[in-house]
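These notes are about the structure you will find just below.
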Amino acid sequence: MTAIQLTSLVKHYGKFEALKGIDLEVRTGEVFGFLGPNGAGKSTTIRVLLDEIRATSGTATILGLDSRRDSVEVHRRIGYLPSDLALHPKMTGRQILRFLGKLRGGVSERRIQQLAQRFDADLTKRTGALSSGNRQKVGLIAAFMHDPELLIMDEPNAGLDPLVQHEFHQLVRETVEEGRTVFLSSHTLSEVQRVADRVGIIRHGEMVAVQDIADIRSVRKVSLLLDRPANHADFAGIPGARDVVAAGARVDLSFDGALGSLLEQVGREYRVVDVSAADADLEEVFLAYYQDAR
């Protein structure tokens, strides 16, 4: 069973088309990173999933349930952290979590305290007196405390210090190791690359790419220094090579494959004086799609 399934999902706000027929499958037991800048359609997609707004056309299912028709049952089985988290300013963190726990039919106090310790959260203060990062900790506890089958999280690391971010990443991995699923929307590309199994990139209301993180990491950025000026055509035809830039005796390119294979092919025409290579970064992949759009 898939955790999330979107089929031809369209959402109009008057004449503005926010979502343009999105198709997306999120597998059970994975961390899926949902990427896109402001206005790309990330929040609209999440709101349709949670039945906060209704799609113009298309379908959205969560854990095999229709997100609209079965919304009450869906909300029982998921955890959610919004990007615009709002907490009652005169209630303490503990009071809010107990209230939310009662709405769910009861949540273990031991589980709440365990999460509070992991996130170093002070639940005794009124949330109106907390910093944004400390309020975010209360929101994270609320999302995790009932051990949901699916977690939907929008900018979860907002305001968190590096130690708490590390604990959050660890908890996300523990969640998927138990067979549950995390759908993570974030602007922090390094965060997504660190914890996600796959990523989807949305641009102007359309899904433009869905890729495994492992595949992204298999692409290397390679810089070669040769014994003489390079001919661009000699490199553009090498299988797995792309984005070739030749400037004198220096050649920069992206390469998908074994580095030894690249050096062997280059060595037929040139002597390689120096070489450096690094894994491709998710940010480079992300920016490439948006530069293409511009």
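The values are calculated or read from the model by the stated rules, or taken from the named source; none is laboratory data. This is a predicted model, so every value here is computed, not measured. So basically every Cβ, Gly included, is an ideal-geometry build from the backbone, and we count neighbours across all protein chains shown. When the accessible area is computed, the model is the full protein with side chains, heavy atoms only, and any ligands, DNA or RNA have been set aside. Shrake-Rupley method; radii C 1.70, N 1.55, O 1.52, S 1.80 Å.
Assorted remarks:
- Of the helices (runs of 4 or more DSSP H) contained entirely in segment 114-230, those carrying at least 2 residues that are exposed (fewer than 14 other Cβ atoms within 10 Å of the Cβ) and charged (D, E, K, R) fall at 162-177, 213-218.
- Asp243 fulfils the conditions (1) open to solvent by less than 70 Å² (accessible area, probe 1.4 Å); (2) at positive phi; (3) within 33 Å of the chain's Cα centre (by Cα) except for a single criterion, (1).
- Residues of segment 12-27 that turn out to be within 19 Å of Gly39 (Cα to Cα) and either free of Cβ contacts under 8 Å to residues at least 60 places away in the same chain or open to solvent by 60 Å² or more (accessible area, probe 1.4 Å) (or both), as a count: 8
- Of all residues making up segment 258-294, the number that are modelled with pLDDT under 75 and either open to solvent by 50 Å² or more (accessible area, probe 1.4 Å) or part of a loop (DSSP other than H, G, I, E, B) (or both): 10
- Positions within segment 45-71 being open to solvent by less than 20 Å² (accessible area, probe 1.4 Å) and outside any strand (DSSP E or B), in sequence order: Thr45, Ile46, Val48, Leu49, Leu50, Leu63, Ser67
- Gln5 satisfies every condition listed in (1) part of a strand (DSSP E or B); (2) surrounded by fewer than 17 Cβ atoms within 10 Å (Cβ to Cβ) except (2).
- Answer residue from segment 74-113, given it is in a loop (DSSP other than H, G, I, E, B) and basic (Lys, Arg) and is nearest to Asp161 (Cα to Cα) among those: Lys90
- Top-ranked residue in segment 116-127 [being out of contact with any Lys or Arg (no Cβ under 6 Å at 6 or more places or on another chain) and touching a residue at least 40 places away in the same chain (Cβ under 8 Å); ranked as nearest to Ile78 (Cα to Cα)]: Arg118
- Within segment 50-74, residues that are more than 26 Å from Phe16 (Cβ to Cβ) and of a type outside the set (S, T, N, Q) reach partners that are in a loop (DSSP other than H, G, I, E, B) and open to solvent by 40 Å² or more (accessible area, probe 1.4 Å) with beta carbons closer than 8 Å, at six or more positions or on different chains, in the pairs Leu63/Met1; Leu63/Glu149; Gly64/Met1.
- Residue check for Gly179: at pLDDT 85 or above, touching a Ser or Thr at 6+ places or on another chain (Cβ under 8 Å) and under 16 Å from Val31 (Cα atoms): yes
- Identity of the residue in segment 247-257, surrounded by 12 or more Cβ atoms within 10 Å (Cβ to Cβ) and not in a strand (DSSP E or B), that ends up modelled with the highest pLDDT: Ala249
- Annotation for segment 25-33: at least one member residue is among the aromatic types (Phe, Trp, Tyr) and under 20 Å from the mean Cα position of the chain (by Cα).
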